[in-house]
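What follows is one structure encoded as structure tokens, with my remarks underneath.
The values are calculated or read from the model by the stated rules, or taken from the named source; none is laboratory data. Here the structure is a predicted model, which is why all the values come from computation and not from measurement. As a convention, Cβ positions derive from the backbone with ideal geometry for all residues, glycine included, and neighbour counts pool all protein chains shown. SASA here: full protein model, heavy atoms, side chains in, ligands and nucleic acids out. Shrake-Rupley method; radii C 1.70, N 1.55, O 1.52, S 1.80 Å.
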Amino acid sequence: MAVKMKNIILIGFMGSGKTSVGIRLSYRLRRTLTDTDKKIERLYRMSISEIFGRFGEEEFRNMETQCLEKLLEEPKGRIISVGGGLPMRDCNRELLKKLGWVVYLRVKPLTVCERLEADTSRPLLQGEDREEKVRSLLEQRAPVYESAADIIIDVDGKIVDEIADEILQNIGIAT
Ligand code: S3P
């Protein structure tokens, strides 16, 4: 598939900057941005927190898989940002590979904690000891993200345009 026709998919932990980087790439490349969480929220007319509360995490994970399956049938050449837990399922990683370039935005736990200090929208990080939750989840997920990725970008201390530049250089797209 020609480079310019492939989707660019952003994976990474909550707070790694997938949405901000996705918006910037979409603007710079004039490509449509699709966010799996937003697609699910629109389809079910509920927030992610409400979906977790009503149906539970497992059902949300099924929705994510269905969302990827639908994306495979849609026109290519998009920027796709996916929820932080989506690459954990084996079948989802297969689907991601079929969808296009998989770019892992690698972030340190401290950065996540700073960025999401006041966040109430991520059900998995609510309650006591957020820092410990972030550390243990990230430790568990990091090897899986790495195995799913075609390109790994360290994001700590970088501005959005720097990250976008690195992604485009790695893929070989000039802007
Ligand atoms: C989740 C990440 C969230 C959202 C849901 C679960 C996760 O998306 O899909 O709260 O398991 O890491 P973001 O990564 O966009 O925050």
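When you look at Leu33, is it touching a residue at least 24 places away in the same chain (Cβ under 8 Å), surrounded by fewer than 22 Cβ atoms within 10 Å (Cβ to Cβ), within 14 Å of Asn92 (Cα to Cα) and of a type in the set (A, V, I, L, M), yes or no? Don't jump to the end; show me each part of the working.
Numbers: touching a residue at least 24 places away in the same chain (Cβ under 8 Å): yes; surrounded by fewer than 22 Cβ atoms within 10 Å (Cβ to Cβ): yes; within 14 Å of Asn92 (Cα to Cα): no; of a type in the set (A, V, I, L, M): yes.
For Leu33, the condition - touching a residue at least 24 places away in the same chain (Cβ under 8 Å), surrounded by fewer than 22 Cβ atoms within 10 Å (Cβ to Cβ), within 14 Å of Asn92 (Cα to Cα) and of a type in the set (A, V, I, L, M) - is not met.
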Open item on the list: Restricting to region 1-35, give me the number of residues that are under 8 Å from the mean Cα position of the chain (by Cα) and either aromatic (Phe, Trp, Tyr) or assigned to a helix (DSSP H, G or I) (or both).
Closed with: 3
Open item on the list: Exactly one of these conditions fails for Leu105: (1) open to solvent by 20 Å² or more (accessible area, probe 1.4 Å); (2) within 20 Å of Ser20 (Cα to Cα); (3) within 12 Å of the ligand (Cβ to nearest atom); (4) hydrophobic (A, V, I, L, M, F, W, C). Give me its number.
Closed with: (1)
Open item on the list: Between a residue in region 124-140 that is closer than 18 Å to Arg61 by Cβ and any residue that is open to solvent by 50 Å² or more (accessible area, probe 1.4 Å), which pairs come within a Cβ distance under 6 Å, given they are 6 or more apart or on different chains?
Closed with: Leu125/Lys133
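Could you tell me which residue of region 108-122 is farthest from the ligand (Cβ to nearest atom), considering only residues that are among the aliphatic types (A, V, I, L, M) and free of Cβ contacts under 8 Å to residues at least 60 places away in the same chain?
Going residue by residue through region 108-122, those that are among the aliphatic types (A, V, I, L, M) are 110, 112, 116, 118.
Cutting the leftovers down to free of Cβ contacts under 8 Å to residues at least 60 places away in the same chain gives us 110, 118.
On the way: Leu110: 17, Ala118: 14 Å.
Among those residues, the one meeting the criterion is Leu110.
Conditions tested, residue by residue: (1) within 23 Å of Gly172 (Cβ to Cβ); (2) away from the ligand (no atom under 13 Å from the Cβ); (3) open to solvent by less than 10 Å² (accessible area, probe 1.4 Å); (4) of a type outside the set (Lys, Arg).
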{"site": "Phe13", "(1), (2), (3), (4)": "no, no, yes, yes"}
{"site": "Ser20", "(1), (2), (3), (4)": "yes, no, no, yes"}
{"site": "Ile23", "(1), (2), (3), (4)": "yes, no, no, yes"}
{"site": "Leu29", "(1), (2), (3), (4)": "yes, yes, no, yes"}
{"site": "Arg45", "(1), (2), (3), (4)": "no, yes, no, no"}
{"site": "Phe52", "(1), (2), (3), (4)": "no, no, no, yes"}
{"site": "Glu58", "(1), (2), (3), (4)": "no, no, no, yes"}
